[in-house]
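Chemist: Here you go, one structure.
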Amino acid sequence: MTLSVPQKTTLEHAANKIGKPSPTDQEILWDMEERFWTSGSDNARATTAENAIMIFPYPPGILQGDQIWHGLKRRTGWRSVAMTGRRATQCGGIVILSYHASAEKPDLPIYEALCASTYLNDAGGWLRTSHQQTLVV
C-alpha cells in the first residue's frame, strides 16, 4: 500500500509570500545597518548573531562566528556610508536589506560595494545573521 503525501503548490509556499517590513521596522533596520558601518566593531558585534556568516572581498573572504571580529578590526569604523538603491524584503521573521554602499575613511579611497544583510526577528529584537559585500570595480 502506497501513501501519497499532498504536495504544496508553488503558490502556497511561504517563500512566495514575501512582502515589505513595516515602516517602523525598516527605520530600525536601516539605522542598524548604517551603524554596522560607522559605529565600530563593538556595535556591529552587539547587533549580530553569534554564529553569523559574513562574506567580504578576499581577503578576508568568508568568515563565521568569532572569525568575523578578528577579521573586521581594521574594516569597521567608517567615517560615513551612503546606502543607495535600498531594498527591503520580508518573509515571516526574516528581513533582507540590499543596497549599494559608498563608504569613506580618512586617507583611503571611497569603498564601493553591493551589499546584502539578513536579519532575524527573534524574541522581539532584530539580529543580523548574514552580511555580504561584493566589491564594485
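Chemist: Rounded to two decimals, what is the ratio between the C-alpha radius of gyration of the chain and 2.2 N^0.38 Å?
Modeler: That ratio works out to 1.22.
Chemist: Please check which bits of region 109-134 a label hung off GLN64 would reach, taking the label as a point 7 Å along Cα-to-C-beta and the cut-off as backbone N under 18 Å.
Modeler: 118-120, 128-133
Chemist: Give me the percent of the accessible area of the chain that comes from carbon and sulfur atoms, probe 1.4 Å, all protein chains in place.
Modeler: The value for the chain is 55 percent carbon and sulfur by accessible area.
Chemist: Which whole-number percent gives the relative contact order of region 15-96, counting Cα pairs below 8 Å spaced six or more residues apart?
Modeler: 39 percent
Chemist: Here is a follow-up. Which value, in Å² and to the nearest 10, is the accessible area of TYR111 when all protein chains are kept and the probe is 1.4 Å?
Modeler: Probe radius 1.4 Å; accessible area of TYR111 about 30 Å².
Chemist: Also, I was wondering about something else. Length gain on complete extension for the stretch GLU27 to ILE55, per 0.36 nm per residue less the alpha carbon to alpha carbon distance?
Modeler: Residue separation times 0.36 nm, minus the Cα-Cα distance, leaves 7.6 nm.
Chemist: Leaving out ligands and nucleic acids, and using a 1.4 Å probe, what accessible area per residue does region 12-137 come to in Å²?
Modeler: 58 Å²
Chemist: State which stretch of the chain is the longest one without any exposed trypsin sites (Lys or Arg not before Pro), exposure meaning a DSSP loop state and at most 12 other Cβ atoms within 10 Å.
Modeler: Answer - 80-137.
Chemist: I've got another one for you. In debye, nearest 20: dipole of the chain around its Cα centre with unit charges on the Cβ of K, R (+) and D, E (-)?
Modeler: Dipole of the chain, to the nearest 20 debye: 200 debye.
The values are calculated or read from the model by the stated rules, or taken from the named source; none is laboratory data. Treat the numbers as computed from the prediction; the structure is a model and nothing was measured. With ideal geometry, Cβ positions are generated from the backbone for all residues, glycine too; neighbour counts draw on all protein chains shown. Ligands, DNA and RNA are stripped out before the accessible areas are found, and what is left, the full protein with its side chains, is counted by its heavy atoms. Shrake-Rupley method; radii C 1.70, N 1.55, O 1.52, S 1.80 Å.
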